[in-house]
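Contents: one structure, followed by commentary.
The values are calculated or read from the model by the stated rules, or taken from the named source; none is laboratory data. None of these values were measured; they are calculated from a predicted model. Please note: Cβ atoms are built from the backbone with ideal geometry, for glycine as well, and neighbour counts cover all protein chains shown.
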Amino acid sequence: MLTHSLATPADYPQLTAVWTRSVTATHNFLTLADRKAIQRDLPQYFAQVTLWRWQLDGHLMGFTGMAGTDLAMLFLDPAYFRHGYGQQIIHILMKTANLQTVTVNAQNSGALAFYQRQGFKIVSQSPLDTDGRPYPIINLSLT
C-alpha cells in the first residue's frame with residue numbers, strides 16, 4: 001500500500017540517496033560538477049518545501065516537495081519507475097495539496113511526457129534553471 005508522511009531533517013540522508021539514484025537514471029544531461037553541487041545543496045532545497053516521504057509497504061520509494069500548489073520535486077527510486085506510482089502520487093497531490101503547477105528540465109523528455117499525460121500543459125519556458133544553470137526548464141500547469 002502506498003502511504004506518505006511528512007519528512008524531517010533526519011530523513012535527508014535517505015532522501016538524498018533516492019535523489020542520487022533517480023538523477024543518475026534520468027538526468028544524464030547534468031554535468032558531474034553540477035550534479036554534485038545540487039546534491040550538496042539538497043538540504044537547503046528540502047527546507048524550502050513541504051517535503052513528503054512516499055512509502056510502499058513500509059519501504060521508502062520516493063519523495064515529493066511542494067511549494068504552495070507547485071510541485072517543486074518528485075523523485076522516485078528507479079526500482080519503482082514505470083509501475084504507476086508516480087501517477088498515483090500526482091493524483092493524491094491534486095486532491096490533497098491542490099497541485100496546480102510543475103517545472104521540469106527540458107532535457108528530461110520522459111518527465112515532460114509523464115506530466116503531460118497527467119493533464120499538465122506547457123505555459124512557459126526558460127533557457128536557465130532556477131539557479132541560473134544552463135539547463136532549460138519548462139513550466140507546466142493544469143489550468
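Tabulated values for the structure
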quantity: Subset of the range 22-38 (residues that are surrounded by 16 or more Cβ atoms within 10 Å (Cβ to Cβ) and either over 21 Å from Ala106 (Cβ atoms) or β-branched (Val, Ile, Thr) (or both)); calculated: Val23, Thr26, Ile38
quantity: Single condition Gln125 does not satisfy, out of (1) under 20 Å from Ile90 (Cβ atoms); (2) without any contact (Cβ under 8 Å) to a residue 24 or more places away in the chain; calculated: (1)
quantity: Residue in the range 22-43 that is touching a helix residue (DSSP H, G or I) at 6+ places or on another chain (Cβ under 9 Å), within 25 Å of Asn98 (Cβ to Cβ) and not in a helix (DSSP H, G or I) present; calculated: no
quantity: Failed criterion for Ala111 (all others in (1) in a loop (DSSP other than H, G, I, E, B); (2) modelled with pLDDT under 95 hold); calculated: (1)
quantity: Selected residue (criterion: modelled with the highest pLDDT) from residues of the range 75-90 that are assigned to a loop (DSSP other than H, G, I, E, B) and of a type outside the set (Lys, Arg); calculated: Asp77
quantity: Residue among Ile138, Ile122 that is under 14 Å from the mean Cα position of the chain (by Cα), among the β-branched types (Val, Ile, Thr) and more than 27 Å from Asp57 (Cα to Cα); calculated: Ile138
quantity: Of all residues in the range 78-121 being hydrophobic (A, V, I, L, M, F, W, C) and surrounded by fewer than 14 Cβ atoms within 10 Å (Cβ to Cβ), the one that is nearest to Thr3 (Cα to Cα); calculated: Ala79
quantity: Qualifying residue in the range 54-74 (condition: assigned to a strand (DSSP E or B), buried (at least 17 other Cβ atoms within 10 Å of the Cβ), in contact (Cβ under 8 Å) with a residue 24 or more places away in the chain and over 14 Å from the mean Cα position of the chain (by Cα)); calculated: yes
